[in-house]
Amino acid sequence: VAPAVRVALGEEFGLAAGEIVTGKVVAALKRLGFDKVFDTSITADLTVIEETHEFISRLQKGEKLPQFTSCCPGWVKFAEHNGAELLKNLSSCRSPQQMFGSLVKKHWAQELGKKPEEIVVVSIMPCTAKKYEAALPQFATDGVQDVDLVLTTQELARMIREAGLVFDQLDIESFDTPFGFTTGAGVIFGTTGGVAEAVLRAAHEFVTGQPIEQINFEEVRGFDQRKEATVEINGQTIKVAVVHGLANAKALLEEIKEGKADYHIIEVMACPGGCIGGAGQPISTDMEMKKRRSKGLYNADKLSQLRKAQDNPVVAKFYDQWLTKPNSAEAHEALHTSYANRGRISGEEIQLINGKAPNKVEIAVCVGTCCYLNGSYDTLQKLMKLVAAEKLGDQIDLHATFCLEQCEQGPAIKVDGEIINGVTPETVEQVFAEKIRKKLPSAKK
């Protein structure tokens, strides 16, 4: 169960936004038939430890900075499509969901004497993107997905109603062991700024060896589109940024690319407000509702006996039993991942006809996936034959290109900068006569 679920599920049953219903969530899941109910916050604690050690290593080496957080699959997918040159800057840590599934299938299953396929891991998440993440091929153990199913907060509410459970009257129950003992640091992962704050609570101690006294970092809390903080760690100033909402993330990426922004670590959440505003949460367009959910998580943090991830004794036991130490080879196998450039190919061209005349006409034919499936290859072939038949090769530059961003209206071509949509093999001659012939140097004499 993800942190953000516990402060939002109650809304589906008439309770106030932000009310902490953790015990009732566990009770409901037990009555729905789950054998064990665990808290994803424990692997959020693991994420803090792994990500903080990774950050310190990068900081000391002066490489791959700024380091971006990687626990939000919506943000990671956005980066893979739109920020290929910065993928190396993403933390290699899996999200808490995927760390949890990995530990269960790779290690805990062995302790139980079970095969990975004999355990079904169901995540209760505030996020629809978690469904996509769980199905990625890299998140599998011996061919079995680490997380088998993902249910959103709304979907769980529907199941509770269909089972006839009176949610607000359920007696509370506690999470099971060993994945039920968490700290406040893991709980605040569910709100914007929470990951950054949890990392800051750990970084000072990991670098200096001295516990940090002030663990509340108010600068990274709240709902400003971008939050900034500077902290001193062992004489070095660390600059932190937090953004939520992909429009704000996009703007920050552009500033970084242009050299206008300079940070050491950046937290990004795709949804406004972070996970508490996820697409799987009870629907609300009221920002005050999200603020109350966020306050609920900070209240849960205050109520925690332990508020720093590195103080979690169960996580320490995981390292002793399964992972050796932070960022070890064993930890990397179970808790880390890699990323791929998923962006469309752009800017690459295949030159087919290279005219020599001054003021030649530039023609580009899109052969990206959508246009290709709509017949752009045949369009290109017909254009080449038309140019050859009329002996116009000296007056035209013709090349194939990848993606003119007109996918829904393809095949698309570009003539001297003008994009023309729907150029099928059947309409090539008409387009040539109306849009190309009059621009030829010979037509202007």
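What follows is calculated from the coordinates using simple rules that are stated; it is not laboratory data. Everything numeric here is computed off the predicted structure, so don't read it as measured data. Neighbour counts are summed over all protein chains in view; Cβ atoms, including those assigned to glycine, are modelled from backbone coordinates with ideal geometry.
Relative to the longest principal axis of the Cα atoms of the chain, the long axis of helix 246-257 makes an angle of roughly 70 degrees. Checking the cross-link pairs Lys36/Lys130; Lys88/Lys290; Lys61/Lys260; Lys227/Lys308; Lys131/Lys257 against a 26 Å limit on the alpha carbon distance flags Lys88/Lys290; Lys131/Lys257 as lying beyond it.
Think of it this way: in the chain, Cys71, Cys72, Cys93, Cys127, Cys271, Cys275, Cys403 stand alone, with no other Cys Cβ under 4.7 Å.
Quick check on segment 92-143: take the gyration tensor over C-alpha atoms, sort the square-rooted eigenvalues as a ≥ b ≥ c, and tell me if it's rounded (a/c under 1.5), prolate or oblate. Judged from the Cα gyration tensor, segment 92-143 comes out prolate (a/c at least 1.5, a/b above b/c). In this calculation the C-beta distance from Glu213 to Lys61 is compared with R0 = 35 Å, giving a FRET efficiency of 0.75.
Evaluating 6.51 cos²θ - 1.76 cosθ + 1.60 at θ = phi - 60° for every residue in segment 317-333, the Karplus couplings come out as 5, 4, 5, 4, 7, 10, 10, 6, 7, x, 6, 6, 4, 5, 5, 5, 5 Hz, glycine and proline recorded as x. Within the same chain, aspartates and glutamates fewer than 8 places from Lys356 are excluded, and of the rest, those with a Cα less than 12 Å from its Cα are Asp394, Asp397.
If you line up the long axis of helix 41-61 against the longest principal axis of the chain, both from Cα atoms, how many degrees apart are they, to the nearest 10? Helix 41-61 sits roughly 60 degrees off the main axis of the chain. Under the criterion of Cα pairs below 8 Å and six or more residues apart, the relative contact order for the chain equals 19 percent. Apply the a/c threshold of 1.5 to the C-alpha gyration tensor of the chain and tell me whether it is rounded, prolate or oblate. Prolate, since a/c reaches 1.5 and a/b exceeds b/c.
Taking one quarter of the surface of the convex hull spanned by the alpha-carbon atoms of segment 122-186 gives a direction-averaged projected area of 6.4 nm².
Show the residues, 5+ positions off or on another chain, whose built amide H is closer than 5 Å to the amide H of Gly280. Under 5 Å from the amide H of Gly280: Cys127, Thr128. Our helix-only sum for the chain, with -39,500 (n - 2.57) per DSSP H run of n ≥ 4 divided by its residues, gives a mean residue ellipticity at 222 nm of -10000 deg cm²/dmol. Annotation: the antiparallel percentage among DSSP beta bridges lying fully within segment 3-335 is about 45.
Summing Lys and Arg as +1 and Asp and Glu as -1 over all other residues whose Cβ lies under 10 Å from the Cβ of Lys308 gives a net charge of -1. When you count the other C-beta atoms within 10 angstrom of each residue and take the mean per peptide, 151-157, 199-205 line up highest first as 199-205, 151-157. Amide H to amide H distances under 5 Å link Val361 with Ile396, Asp397, where only residues 5 or more positions off or on other chains count and H is placed in the peptide plane.
Decide, for segment 277-408, between rounded, prolate and oblate: order the square roots of the alpha carbon gyration tensor eigenvalues as a ≥ b ≥ c, take rounded if a/c falls under 1.5, and otherwise choose prolate if a/b is larger than b/c, else oblate. Because a/c hits 1.5 or more and a/b exceeds b/c, segment 277-408 counts as prolate.
Translational diffusion coefficient of segment 352-420 (Stokes-Einstein, Kirkwood radius from Cα pairs, 37 °C, 0.692 mPa s): 273 µm²/s. Relative to the dominant Cα principal axis of the chain, helix 73-82 is inclined by about 20°.
Under the criterion of Cα pairs below 8 Å and six or more residues apart, the relative contact order for segment 349-444 equals 39 percent. Listed values for segment 35-40 are Karplus-derived 3J(HN,Hα) couplings in whole Hz (6.51 cos²θ - 1.76 cosθ + 1.60, θ = phi - 60°), namely 6, 9, 10, 10, 10, 4, and x replaces Gly and Pro.
Under 5 Å between amide hydrogens, built in the peptide plane, is the criterion, and for Gln67 it picks out Ile265, Ile266 among residues at least 5 positions away or on other chains. With the highest mean first, a sort of the peptides 81-94, 427-440 on other beta-carbon atoms found within 10 angstrom per residue produces 81-94, 427-440.
Sparse packing (at most 13 other Cβ atoms within 10 Å of the Cβ) combined with a DSSP loop state is found for the following trypsin sites (Lys or Arg not before Pro) in segment 362-425: Lys391. The packing ranking of peptides 115-127, 294-306, highest mean first, is 115-127, 294-306, where packing means the average number of other beta carbon atoms within 10 angstrom of each residue.
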